[in-house]
Amino acid sequence: MKYQVAIIGGGPAGYTAAEAAGKAGLSVVLFEKQSLGGVCLNEGCIPTKTLLYSAKTYDGARHAAKYAVSVPEVSFDLPKIIARKQKVVRKLVLGVKGKLTAHGVTIVSGEATVTDKNHVECGGETYECDNLLLCTGSETFVPAIPGIDKVSYWTHRDALDNKELPASLAIIGGGVIGMEFASFFNSLGVEVHVVEMLDKILGPMDRELSEMLQAEYAKRGIKFYLSHKVTGVHGTEVSVEKDGETFTLHGDKVLLSVGRRPVTKGFGLETLAPETFRNGVKVNEYMQTSLPNVYACGDITAFSLLAHTAVSEAEVAVDHLLGKSRPMSYKAIPGVVYTNPEIAGVGKTEEELQAEGISYTVKKIPMAFSGRFVAENEMGNGVCKLILSEDETLIGAHMLGNPASELIVIAGIAIEKGMKSDELKSFVFPHPTVGEIFREAL
Ligand SMILES: Cc1cc2nc3c(=O)[nH]c(=O)nc-3n(C[C@H](O)[C@H](O)[C@H](O)COP(=O)(O)OP(=O)(O)OC[C@H]3O[C@@H](n4cnc5c(N)ncnc54)[C@H](O)[C@@H]3O)c2cc1C
């Protein structure tokens, strides 16, 4: 069987590339060993946000009195929350399958192995291809913590499917995934501890806003241990260390969320031996690897590890193999944390600019400058921080407050297009919307 395009991996990178190539009239075969949709649809972006929405609804009902609404009895049903999550995932996976089929993509269920850059084997069959796209994604990184192999720790997968709440949860890793689960379990009444090796939560997100979010969750009862290293896990006891001092904290369950690493083994990549970057496959701005007609997109490139980046990279790769040279731009990739309140950022942070020695100005206002925000966030606070270069071009935007996830794209477009402050301000924003905060801030 011969195809113009063979794609290994049916996550956001793989299914986007397959759909785009199929739409363009190319013959496409897509290999997926687990479930179409990849990590994002099956065990990542979508299931986490589905659970978080149940938690947010529960929180909303518990605090309805703030809006003069009385809800006499509020409760939740965890097995039903999980069942709803599974229903949402099933629906979206079917949607992906439907789109691929509609565009003539051949979907092969099974583990694919590359034998050379023009041949892929799967289920005893050999598939020949002109172009090969590597979209195998990433997997949970399990650190070598003494004792971790002897306890039944959770990864995100277990946390997503668990139908019984632990009384307490020790989360190792205060990055985006760790904080989203911290938010979920905190809302449902679990005692949550977050241990983070760095001196802040949420990795590279804006420091000031990350600290505000941390303070908000500390008020709600989450215990944070920053600059702390986990030195061992024994049963339900987690040993942590800071500045040579060791102590133990208790977690009925331990959730590991210290990071993910690209899947580069187990499918014959060593036979191709492409150049590498960090622990992934190196690509240029058209997503070409060091081998002709072999592309890599998504988490396997070890660059961004976000679904929307994977989607953009896949579109760039397919454009390139169709002869349209459009380079991938990483200037305005939004980062969002779907806690409640949400936090989102795009472009440069103050910390990055300071490290690079670039001068900038900051325009920062409370979210309460937006009438709509005040109407919908009784007692809620938040911040909108915009960063401008010396010539008043928007180069960074960071927001704490709902719905930051929906609004950040406005700033992202402005940053990608190199808009100056006046230009962004000249657009008409609907009133009253929280998005007006950008005009207010500028
Ligand atoms: C808990 C969690 C929450 C997340 N939340 C978000 C979020 O809110 N927003 C966001 O942008 N990102 C989020 N992410 C990250 C996001 O899921 C990934 O960035 C995204 O899935 C990467 O897409 P991908 O196509 O590169 O790889 P993946 O989604 O990992 O897909 C790769 C696919 O390749 C298949 N595969 C691998 N090897 C083979 C083989 N040899 N043969 C056949 N098939 C193979 C795998 O089965 C898998 O389905 C989250 C991740 C996690 C774990």
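Residues Tyr3, Tyr67, arranged from fewest to most other Cβ atoms within 10 angstrom of their Cβ, appear as Tyr67, Tyr3. Lys/Arg Cβ at +1, Asp/Glu Cβ at -1, dipole of the chain taken about the Cα centre: which of Leu322, Met419, Ile387 is farthest positive-ward? Going by the Cα projections, it comes out as Leu322. Students often get this wrong, so check it: of Lys49/Lys99; Lys91/Lys420; Lys85/Lys324, which have C-alpha atoms separated by over 32 Å? Pairs exceeding the cut-off: Lys91/Lys420; Lys85/Lys324. Using the rule -39500 (n - 2.57) for each DSSP H run of four or more residues, divided by the residues of the chain, the 222 nm mean residue ellipticity is -10000 deg cm²/dmol.
Between Thr136, Thr309, Thr393, the GNM of the chain built on Cα springs shorter than 10 angstrom shows Thr393 fluctuating the most. Reducing the stretch 305-350 and the stretch 110-130 to their Cα centroids gives an inter-centroid distance of 29 Å. Using a cutoff of 8 angstrom between alpha carbon atoms and counting only pairs six or more residues apart, the relative contact order for the stretch 57-130 works out to 13 percent.
With neighbour counts taken as other beta-carbon atoms within 10 Å, the residues Leu407, Leu30 rank, fewest first, as Leu407, Leu30. Across Glu180, Glu351, Glu245, mean-square fluctuation computed from a Gaussian network of the chain (C-alpha pairs under 10 Å connected) peaks at Glu245. Taking every DSSP bridge with both residues inside the chain, close to 60 percent are antiparallel.
Amide H contacts for Thr115 (H built 1.01 Å from N in the peptide plane; partners 5 or more residues away or on another chain; cut-off under 5 Å): Val120, Glu121. Exposure proxy shown here: for His156, His103, His250, His228, the number of other Cβ atoms within 10 Å sets the order, fewest to most, as His250, His103, His156, His228. Semi-axes of the equivalent ellipsoid of the chain are 36, 29, 22 Å, computed as sqrt(5λ) over the eigenvalues of the C-alpha gyration tensor in descending order.
Among Ser210, Ser152, Ser370, which one shows the biggest mean-square fluctuation in a GNM of the chain, springs joining Cα atoms closer than 10 Å? Taking springs between Cα atoms under 10 Å, the residue moving most is Ser152.
The numbers here are math on the coordinates, done by the rules we state, and not lab data. None of these values were measured; they are calculated from a predicted model. When we count neighbours, we look across all protein chains shown, and the Cβ atoms used for this are built from the backbone with ideal geometry, even at glycine.
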